[in-house]
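Below: the structure, in structure tokens.
FYI, it's all coordinate maths here, none of it is from the lab. What you see is a predicted model; the values in this text were computed from it and never measured. So basically every Cβ, Gly included, is an ideal-geometry build from the backbone, and we count neighbours across all protein chains shown.
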């Protein structure tokens, strides 16, 4: 027993198809936003550090002249309080000479060893870098502060460091706020997809409910009024399938009905003949001949009915490869040659290779039935000709006998099942089988009387069908 493949949910497929790319975009966008926000936070707090450094630089004094200039500063720690946002971060400072000699501030803050960037964001001689102070990460602003008092000229190095607790807390808050907004966006997308999918699949569920509510034998086309355009191909395919099923079921019912009706008669006749033979009403040999004739007719009827059913079956199957109808027609003519010779028929055959995309059995059955009928209705020593040619993807088979032809009233019903040309012979299925095969080949079949001087001289059976170009 084969396992059924797992069903794929349209809702799940859409959710994954939308949320995965949206989620990746949001992730990349969140990282970018966080980096931009963190850069903005650093820029804002770096401005605070620069302001602190400039405030400290205002407390630096100079004495002496030339190389003997001495720098000194008295900066109360309270001078940094206006620049501290809250108690979560600390600021420390260091004032040094350009040679690194401590002038004022915290000696544990490492001396600046860097260089002032050529094109910094500020007009002042300032640099920013990351460092550590007593094991804590800090952000440091360095300001080269010129000092001039009277004849004294010197350059002081002002370093202001701030611990990163406040920056990190603000960056985390920005990240959390961003993630919350993005999560809200994802929830909105999920909700929209669920609502839209639920609304979009409603016609499919309604169609499914209507189909499930139908009776088993109800194959009426499905109404597609108000259905979305995307659902129309499904409805059309469903109606097409129902039409095919209805056609198959009708053929099956007709076959069962006809089989029951047609086989009942020969079986009843056979039973009467057997009972008559048992009673001794007729000679035993005569009884056996009549029984044999009845059995032959019943066998022929059964075989033709099975052929009719097989045509319906093969109609829905794709032919494996094109076949050469000329070769098949010659084989059938050779098989039936004893019948032709027995009646002394003047037989003529004019055929060329014609390639037809169909089943071998169907083409053989078509040609055999038509040729057999023509032989049967051609009188002894009469003429019978076959012409089979193809060009421009159109083939024509014409079988011309010299029989009595057909009457107008018989022409109307000759292709109907059980409508034999002679009531005392045949089952009336031969031409019906031919007609079914021709319809399956999307061709046409015609019966035309030939006349000369106002008299019927024979019958032309003309079959037109589609053919393929020669291979190669």
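Convex hull over the alpha-carbon atoms of the stretch 11-173: what's its volume per residue in Å³?
In the stretch 11-173, the Cα hull volume divided by residue count equals 141 Å³.
Order by neighbour count: 242, 91, fewest other Cβ atoms within 10 Å first, most last.
With the sparsest Cβ surroundings first, the list reads 242, 91.
Per q in 0.08, 0.10, 0.20, 0.22 1/Å, what log10 I(q)/I(0) does a Debye calculation on the alpha-carbon atoms of the stretch 323-466 return?
-0.20, -0.32, -1.34, -1.57
Which of the peptides 105-114, 207-216, 348-357 is most tightly packed, and how do the rest follow, going by the mean number of other Cβ atoms within 10 Å of each residue? Provide the component values of the computation, followed by the final result.
On the way: 105-114: 14.4, 207-216: 10.0, 348-357: 15.9.
By packing density, highest mean first, the sequence is 348-357, 105-114, 207-216.
Could you tell me what a quarter of the Cα convex hull surface of the stretch 155-260 works out to, in nm² with one decimal place? Write out the running numbers ahead of the final one.
Details: hull surface 58.5 nm².
Seen from a random direction, the Cα hull of the stretch 155-260 projects 14.6 nm² on average.
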